[in-house]
């Protein structure tokens, strides 16, 4: 019997890993220069954490979470997103007592049982940034500039930034009621999911990708028309900061987020390169979530980047070459094999990638292996060379060879490799 991955899950193979390593390294550098510190939270949390934060009626909680009971009957869920977990950690570990203003980021896998398609998997990875403790539009602008800086660090500049406001508990209920009336009058034109959403989470209908639903909401009420004075000033302040930062953006009055905890500022980065799944990053403000989950009344804003979609863009943009060994050791004969093994071990302990052939193959086969690995230099040791206390260094590009003594050969090789470093992953 041959096993396969579960539908919606995928292996990340060695040839893809350089993209993942680059993505994570660039993200960490970008966040750190903006004062963000990494935090790592568990993959499994109490189901209630997500139900209370994301919303019982959202598709994520009602249909997409991987939930199970443990041996004590407790409801547990694989995390479907990172914000709720980071907020829980912020509260549980009393990070706000050190300083209410905390800048945190996390990188890791999330899980949602939804229909797999290009750029969307049931186990997917997100890069998240969360900014706690500041209620003003300056922190909104800082988090958006951070997201843009991340894309620019990858050489991605042809993205569109959409910005909107979702209002607050003062003005959003009136808009929600007005939108609900509008949708109920047109319920027969909505898809099955949106008919349900029109009663439970009407703002989510504005985000539906079904053509019929998009046409139906084209003339729907706009929340910008009913914003309270505080939300209007907040949005205007954000736009001023974005203008000062030189960030180009588009006002998107129908942009919403699918999670209940969002309030006021919401934003999304989109690309035309990924088809229907065109969002590569999205986020917004969630001022009431910390208090809702048992912490103090402190504001927050954050965003998430889909790692798979980001890497898909990078793969289109440029190749990401894999690392190459610093040296290939080709041994001919058992004694030479053991000697080369000792040298390879010493070189690896010194921090160099030393690769060997396996299975006592001939020189031609080992040189073919070295060439396939992209090695620039190979060391050849046979029985004659071993007896004479010598080894052969071959330049794999030119074919030129030189003979070197085997006494103190490891320090000699370390010196040469240090003076002529090989580009590594």
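The values are calculated or read from the model by the stated rules, or taken from the named source; none is laboratory data. A quick note: this is a predicted structure, and the numbers were derived from the prediction, not measured. So basically every Cβ, Gly included, is an ideal-geometry build from the backbone, and we count neighbours across all protein chains shown.
Of the residues 359, 382, 351, 374, only one is more than 21 Å from residue 324 (Cβ to Cβ), under 42 Å from the mean Cα position of the chain (by Cα) and surrounded by fewer than 19 Cβ atoms within 10 Å (Cβ to Cβ); which?
Checking each option against the conditions leaves just 359.
Within the stretch 128-154, which residues are in a loop (DSSP other than H, G, I, E, B) and under 25 Å from residue 308 (Cα atoms)?
154, the sole residue that qualifies.
For the stretch 273-292, give me the residue count where each residue is closer than 18 Å to residue 49 by Cα and touching a residue at least 24 places away in the same chain (Cβ under 8 Å).
Total satisfying the criteria: 6.
If you go through the stretch 194-203 one residue at a time, do you hit one that is under 30 Å from residue 104 (Cβ atoms), out of contact with any helix residue (DSSP H, G or I) (no Cβ under 6 Å at 6 or more places or on another chain) and not assigned by TED's automatic domain parsing to the domain that holds residue 266? Write out each step before concluding.
From the stretch 194-203, those under 30 Å from residue 104 (Cβ atoms) are 201, 203; that's our starting set.
Cutting the leftovers down to out of contact with any helix residue (DSSP H, G or I) (no Cβ under 6 Å at 6 or more places or on another chain) gives us 201, 203.
When the remaining residues are screened for being not assigned by TED's automatic domain parsing to the domain that holds residue 266, the result is 201, 203.
Scanning the stretch 194-203 turns up at least one residue that is under 30 Å from residue 104 (Cβ atoms), out of contact with any helix residue (DSSP H, G or I) (no Cβ under 6 Å at 6 or more places or on another chain) and not assigned by TED's automatic domain parsing to the domain that holds residue 266.
For the structure I just gave you, tell me whether residue 257 is surrounded by 13 or more Cβ atoms within 10 Å (Cβ to Cβ) and under 14 Å from residue 283 (Cβ atoms). Break it down into steps so the answer makes sense when it comes.
Numbers: surrounded by 13 or more Cβ atoms within 10 Å (Cβ to Cβ): yes; under 14 Å from residue 283 (Cβ atoms): yes.
So residue 257 fits the description; yes.
Given the residues 61, 163, 87, which is the only one that is assigned by TED's automatic domain parsing to the domain that holds residue 236, closer than 29 Å to residue 246 by Cα and surrounded by 19 or more Cβ atoms within 10 Å (Cβ to Cβ)?
Numbers: 61 fails: closer than 29 Å to residue 246 by Cα; 87 fails: closer than 29 Å to residue 246 by Cα.
The unique qualifying residue is 163.
How about the stretch 155-197: which of its residues are in a loop (DSSP other than H, G, I, E, B) and in contact (Cβ under 8 Å) with a residue 24 or more places away in the chain?
155, 156, 158, 159, 166, 167, 168, 169, 170, 171, 186, 190
So, in the stretch 293-319, exactly how many residues are touching a helix residue (DSSP H, G or I) at 6+ places or on another chain (Cβ under 9 Å), touching a residue at least 60 places away in the same chain (Cβ under 8 Å) and loosely packed, with under 15 Cβ neighbours inside 10 Å?
Number of matching residues: 3.
I'm trying to understand the selection: among the residues of the stretch 333-343, which are out of contact with any helix residue (DSSP H, G or I) (no Cβ under 7 Å at 6 or more places or on another chain) and either loosely packed, with under 15 Cβ neighbours inside 10 Å or in a strand (DSSP E or B) (or both)?
334, 338, 341, 342
In the set 364, 415, which member is assigned to a helix (DSSP H, G or I), surrounded by fewer than 10 Cβ atoms within 10 Å (Cβ to Cβ), out of contact with any strand residue (DSSP E or B) (no Cβ under 9 Å at 6 or more places or on another chain) and at negative phi? Let's see the steps before the verdict.
Details: 415 fails: surrounded by fewer than 10 Cβ atoms within 10 Å (Cβ to Cβ).
The unique qualifying residue is 364.
Which condition number does residue 44 fail, the rest of (1) under 21 Å from residue 85 (Cβ atoms); (2) surrounded by fewer than 16 Cβ atoms within 10 Å (Cβ to Cβ); (3) out of contact with any strand residue (DSSP E or B) (no Cβ under 6 Å at 6 or more places or on another chain) being met?
Result: residue 44 passes all but (3).
From the list 203, 255, exactly one residue is modelled with pLDDT under 95, within 28 Å of residue 56 (Cβ to Cβ) and within 25 Å of the chain's Cα centre (by Cα). Which is it?
The unique qualifying residue is 255.
Tally up the residues in the stretch 90-114 that are out of contact with any strand residue (DSSP E or B) (no Cβ under 8 Å at 6 or more places or on another chain) and either free of Cβ contacts under 8 Å to residues at least 60 places away in the same chain or buried (at least 21 other Cβ atoms within 10 Å of the Cβ) (or both), please.
6
Which residues, counting only those in the stretch 348-361, are at pLDDT below 90 and under 17 Å from residue 392 (Cα atoms)? Working first, answer last.
Taking the stretch 348-361 and keeping what is at pLDDT below 90, we get 357-361.
Scanning the stretch 348-361 gives a single hit, 357.
Counting only residues that are in contact with a strand residue (DSSP E or B) (Cβ under 9 Å, 6 or more places away or on another chain) and in a helix (DSSP H, G or I), which one in the stretch 231-252 is surrounded by the most Cβ atoms within 10 Å (Cβ to Cβ)?
238
Run down 378, 346, 322, 330 and say which single residue is over 30 Å from residue 267 (Cβ atoms), in contact (Cβ under 8 Å) with a residue 60 or more places away in the chain, touching a helix residue (DSSP H, G or I) at 6+ places or on another chain (Cβ under 6 Å) and not in a helix (DSSP H, G or I). Working first, answer last.
On the way: 378 fails: in contact (Cβ under 8 Å) with a residue 60 or more places away in the chain; 346 fails: not in a helix (DSSP H, G or I); 330 fails: in contact (Cβ under 8 Å) with a residue 60 or more places away in the chain.
The unique qualifying residue is 322.
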